[in-house]
1. How high is the relative contact order of the chain, given as a whole-number percent (alpha carbon pairs under 8 Å, six or more residues apart)?
2. Taking the chain as the reference, fit the longest principal axis to its C-alpha atoms, fit the long axis of helix 15-34 to the helix C-alpha atoms, and give the angle between the two in degrees, 0 to 90, nearest 10.
3. For the chain, give the percent of accessible area contributed by carbon and sulfur heavy atoms, probe 1.4 Å, rounded to a whole number.
4. Per residue, how many Å² of accessible area does the chain show with a 1.4 Å probe?
5. What is the extension gain from residue 39 to residue 69, computed as 0.36 nm multiplied by their sequence separation minus the C-alpha to C-alpha distance, in nm to one decimal?
6. Note down the magnitude of the dipole of the chain about its Cα centre, charges +1 on Lys and Arg C-beta and -1 on Asp and Glu C-beta and zero elsewhere, to the nearest 20 debye.
7. Going down the list 36/85; 36/108; 53/106; 12/108, which pairs span over 23 Å between their C-alpha atoms?
8. Using only DSSP helix segments of four residues or longer, with each worth -39500 (n - 2.57), what per-residue ellipticity at 222 nm results for the chain after dividing by its residue count and rounding to 500?
Amino acid sequence: MAKFFKSLGNHKNLLAYQKAMCVYAGAVYFSRRFMKPEDRTIGQMEQAARSVKQNIVEGNIDGATSTYSNIHLLNIARGSLGELKEDFEDYLRNNNLLQWELNSDKCKCARRVCGTAV
């Protein structure tokens, strides 16, 4: 099983990084598929998703010499993930759509896709 955070110097083995890659791919696909090309939110969502994965990479590399840097950059990744979540919630609210229930078939399917993407 892949480690979640502690694998200094080899970020691709981190479960957190693998999940962040799935989030990034999903955000890019979603924003380009469902939003109008002129919508500035597309770039913001893609950059927030990219920031999640990039800060995991940087934290993993810097963590080899500084636990503080590792934790700090992981917190930045967490903040970017929160920003992205808020953008998705805004999209749902602005388009009168409901968020999927955690145990809905659609949500289970999305989790399976991300589970096989690692």
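The values are calculated or read from the model by the stated rules, or taken from the named source; none is laboratory data. Everything numeric in this text was worked out from a predicted model, so none of it was measured. Cβ atoms come from the backbone with ideal geometry, glycine included; neighbour counts cover every protein chain shown. Surface areas here come from the heavy atoms of the whole protein model, side chains and all, with no ligands, DNA or RNA. Shrake-Rupley method; radii C 1.70, N 1.55, O 1.52, S 1.80 Å.
1. Answer for the chain is 25 percent.
2. In the chain, helix 15-34 runs at an angle near 30 degrees to the longest axis.
3. Its accessible area is 56 percent carbon and sulfur atoms.
4. Details: 8150 Å² over 118 residues.
Spelled out: the 1.4 Å probe surface of the chain, per residue, equals 69 Å².
5. 7.4 nm
6. With only Lys, Arg, Asp and Glu charged at Cβ, the dipole is about 480 debye.
7. Numbers: 36/85 19 Å; 36/108 28 Å; 53/106 25 Å; 12/108 25 Å.
Beyond 23 Å: 36/108; 53/106; 12/108.
8. -24000 deg cm²/dmol
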